[in-house]
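Here the structure comes first, spelled out in structure tokens, and everything after it is commentary.
The values are calculated or read from the model by the stated rules, or taken from the named source; none is laboratory data. Computed from a predicted model, the values in this text were never measured in an experiment. Note that each Cβ is placed from the backbone with ideal geometry, even for glycine, and that neighbours are counted across all protein chains shown. These accessible areas exclude ligands, DNA and RNA; they are computed on the full protein's heavy atoms, side chains included. Shrake-Rupley method; radii C 1.70, N 1.55, O 1.52, S 1.80 Å.
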Amino acid sequence: MMKNKMNKKAESGQQVMVFAFLFLLVLIGMGIVGGVVVYYGKGADFRKIDSEILNYRIRECLSESINLQQFKENFSSLCSLNKTVLEDKGFTIKVCQDLSPEECANSKESIFELGNTHIQACFINAAENNPEYVKCTKTEFFDKGEKFSIITGSNQRIARVNT
Amino acid sequence: MKLKFCMNRMNRQMTIKHVFKMNKKAGIGDNLMNNVVYLLLAVIFLVGILVFVNAQKNNGAILADYYAKEIANAVNLAQAGDEIIIDVHKPTVVAVKNKVADRNEIFGFNNNQVCVKLSPGQKSCYSYFNDVTVSDWEIKWGVPINVLKFKVTAKSKL
């Protein structure tokens with residue numbers, strides 16, 4: 001009689017442990033599901049790559065152009081860049097001469113400037129990890145004995161269209 | 001009298017031993033059952049998680065976003081006269097699975113924008129700033145994988 005009672009107590013103890021196990025599984029599951037949703041939900045961010053490609057293309061174009069006047073006047077056709085897309089999709093460009101990228105961002109004088117985003121946002125350290133801020137690329141290079149700074153930024157978002 | 005008492009005692013001891021053995025056997029069975037139940041629960045949980053992660057990975061909207069951006073980048077780096085071939089096996093398989101009616105609608109280029117449609121009723125579009133025209137795009141099915149082929153031409157030539 002006594003033994004039976006003890007056995008029953010042990011059995012009920014083991015049954016109670018199933019709930020603890022299930023609770024643990026639910027906890028782990030919630031962690032994994034949360035992680036996956038956060039990881040895949042954001043989608044791949046290509047803005048940094050966009051700004052790097054744009055910067056590279058402007059650099060190539062600037063070194064190939066005969067003079068700065070030609071670069072300023074025929075920027076779009078010379079560099080084969082679509083101005084409408086650049087203006088409408090949140091791209092930012094600023095090109096300066098004889099200035100560092102940081103000085104270029106704060107200077108009012110520039111060879112070429114395009115976009116409505118405040119280029120100073122490219123120099124905010126906290127903005128690096130903030131997905132709301134523009135993603136930038138800053139380069140400094142020498143061509144024909146002149147120093148140039150190019151700052152490019154992209155804030156283009158994917159457009160999901162219902163069809 | 002003494003002998004009878006001894007016999008009784010022996011019998012009792014044997015019975016107790018026998019009961020213990022039976023209990024041990026029953027205990028082994030219980031433990032096994034418990035372990036099997038725990039193991040089953042763990043396997044069901046693991047399978048569920050794997051199915052969920054895989055479904056998220058092959059989610060049409062996420063894949064469409066990714067491929068639209070990837071193709072736009074390829075166009076941004078291209079020069080007029082280039083012919084580009086991109087592996088699009090995964091998105092095309094997802095599009096067919098999601099029953100996208102017109103297979104020619106999976107990829108589309110219009111107004112400096114590339115659109116990818118992997119589920120009916122929704123497409124993801126991303127713009128490329130390279131001022132070129134993308135023409136003659138087609139999906140080549142099973143060569144041995146599905147690839148997207150298109151030509152990049154200068155705008156003024158058209």
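Checking the structure you have, find out if any residue of segment A:36-59 is assigned to a helix (DSSP H, G or I), exposed (fewer than 15 other Cβ atoms within 10 Å of the Cβ) and over 21 Å from the mean Cα position of the chain (by Cα).
Taking every residue of segment A:36-59 in turn, none turns out to be assigned to a helix (DSSP H, G or I), exposed (fewer than 15 other Cβ atoms within 10 Å of the Cβ) and over 21 Å from the mean Cα position of the chain (by Cα).
Between a first residue in segment A:123-143 that is among the small types (Gly, Ala, Ser) and a second residue that is open to solvent by less than 70 Å² (accessible area, probe 1.4 Å), which pairs have beta carbons less than 8 Å apart while being 6 or more apart in sequence or on different chains?
Close Cβ pairs satisfying both conditions: A:Ala127/A:Ala121; A:Ala127/A:Val134.
Anything in segment A:77-92 that is more than 10 Å from every other protein chain (Cβ to nearest Cβ) and buried (at least 21 other Cβ atoms within 10 Å of the Cβ)? List them, or say none.
Across segment A:77-92, the qualifying residue is only A:Thr92.
Could you list, in sequence order, all residues of segment A:145-156 that are touching a residue at least 12 places away in the same chain (Cβ under 8 Å) and exposed (fewer than 13 other Cβ atoms within 10 Å of the Cβ)?
A:Glu146
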